[in-house]
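The structure appears right after this line, and notes come after that.
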Amino acid sequence: MTIALLRFPFLVQKVIFEEIDLLAVLSIAMLSKKSNATARACLRQHKYHLRYFENVSFQLVRKFSNEDGNTLVLALLDRSLVESPYQLWPIGYQEVPIESTSNESSGTILTLTKVYCDNTSDFAMETLQYLSRLLPKLSLTLKLKTQNVETFRRIMQSVRSVNELKEIDVGSFDNGSGPQDELVKLILDESHRAKNLFVYFQTSDNFVYPTSVPFSFDSVFMTTPGWISRDHFIRMFLSCKKVQLQWKDFDDEDLTAIFKAWTEGSSLEYLEFVGAGIFHQGKTLDNILEEFPGAVPVRIAEIPTGLSTGLHFVRFGEGKCYLIQRKNGQTKALVCIYHYSVILTTNFQIGNEVDVLAARIEEELHF
């Protein structure tokens with residue numbers, strides 16, 4: 001079949017590669033240099049997204065303009081669990097036993113494949129490197145739990161060829177591993193290409209990140225970022241679109257300097273400093289924003305909160321929310337204290353529509 005496929009005109013080959021499941025696509029690509037070149041030429045027409053959940057699974061999806069196409073899931077299992085009979089599947093320089101099932105629905109094929117590995121980490125590195133080179137329009141999401149510096153370094157070396165690093169997510173809220181200074185430094189060094197970065201590791205009190213090169217993340221989330229002073233934030237984070245720092249308590253002087261820097265020019269559309277404990281309880285913005293010409297108090301608004309993307313209706317207390325704008329007069333933002341957080345957002349709703357909503361909610365509460 002493969003020999004016949006390679007003899008077809010390119011447009012026919014392209015249609016065939018679009019119709020068959022992704023496991024078959026990869027299997028054909030790995031047969032020879034010629035089949036690999038043919039597959040790569042056909043696959044470059046489409047975008048693909050790969051999610052890697054460290055030592056657990058891969059999910060490869062063909063992306064169309066308004067929907068997902070065929071999907072391949074590789075579940076990584078220990079080789080001792082394999083039961084005969086099984087199929088040997090070559091990828092890179094390895095051959096691994098697999099069991100695979102496919103289901104078609106609404107014209108797309110989902111293929112679930114169990115991959116039995118002698119060493120899941122080695123198989124993952126090989127697969128990341130192979131797919132990064134095979135698929136010219138591949139974007140990648142990394143969901144990592146490792147606390148090992150060398151493991152993280154190997155993963156990043158495996159994806160040097162990837163077209164787009166969409167997201168790097170390292171650690172978890174409950175890792176409880178203590179300070180990870182060397183790992184956090186490496187993550188920050190290696191993640192400049194990423195669009196979105198999430199880091200869940202502690203650093204020591206004397207941790208220093210030795211650079212002033214601005215970040216340009218679409219979104220960055222960090223826990224226990226004690227090392228980030230107001231000067232660090234202004235130099236390195238104002239060029240990002242969304243910044244969330246967990247357990248970060250800036251005092252009034254720091255917040256004044258940060259908001260003033262935003263008014264002078266910044267890419268930030270959303271920032272959130274989540275305080276530790278009750279740090280922001282009873283706090284107001286009056287002293288912070290008194291130096292801002294034209295700052296207007298706001299009592300009712302719809303704003304995004306936390307990791308959500310939608311807007312939420314909020315009624316603010318005295319001194320808890322203000323409308324400010326950049327010096328160019330073109331961009332406005334709400335600055336507010338909401339629960340344990342200080343938030344700045346350019347995505348908000350105020351005015352008549354929100355007032356009408358507030359009145360309706362009030363009426364329903366008293367009905």
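Across q = 0.25 Å⁻¹, the stretch 282-355 modelled as identical point scatterers on its alpha-carbon atoms has Debye log10 I(q)/I(0) values of -1.28, in the order of the q list. Rolling a 1.4 Å probe across the protein heavy atoms gives the chain an accessible surface of 50 Å² per residue. Given R0 = 22 Å, the distance between the Cβ atoms of residue 145 and residue 189 translates into a calculated FRET efficiency of 0.65. Here the average projected area of the convex hull drawn through the C-alpha atoms of the chain stands at 24.2 nm². Placing one identical point scatterer on every Cα of the stretch 173-281 and ignoring solvent, what is log10 I(q)/I(0) from the Debye formula at q = 0.21 Å⁻¹? Rounded to two decimals, the profile gives -1.27.
From helices alone, the chain scores -8500 deg cm²/dmol at 222 nm; the rule is -39500 (n - 2.57) for each run of n ≥ 4 DSSP H residues, then divide by the residue total. Unpaired cysteine residues in the chain (no second Cys Cβ under 4.7 Å): 42, 117, 240. Surface composition of the stretch 189-321: carbon and sulfur atoms hold 49% of the protein heavy-atom accessible area at a 1.4 Å probe.
Rounded, prolate or oblate, given the Cα gyration tensor of the stretch 238-336, with a/c below 1.5 counting as rounded? Don't skip to the end; give the middle numbers.
On the way: a/c = 1.17, a/b = 1.13, b/c = 1.04.
Taking the square roots of the gyration eigenvalues as a ≥ b ≥ c, the stretch 238-336 is rounded.
Taking 0.36 nm per residue of separation and subtracting the Cα-Cα distance, full extension of the segment from residue 15 to residue 287 would add 91.5 nm. For residue 300, the residues whose modelled amide H falls within less than 5 Å of its own, excluding neighbours fewer than 5 places apart on the same chain, are 316.
The values are calculated or read from the model by the stated rules, or taken from the named source; none is laboratory data. Predicted, not measured: the structure shown is a model, and the values here were computed from it. Quick reminder, even Gly has a Cβ in these numbers, built from the backbone with ideal geometry, and neighbours come from all protein chains shown. Heads up: the accessible areas ignore ligands, DNA and RNA and are worked out on the full protein's heavy atoms, side chains in. Shrake-Rupley method; radii C 1.70, N 1.55, O 1.52, S 1.80 Å.
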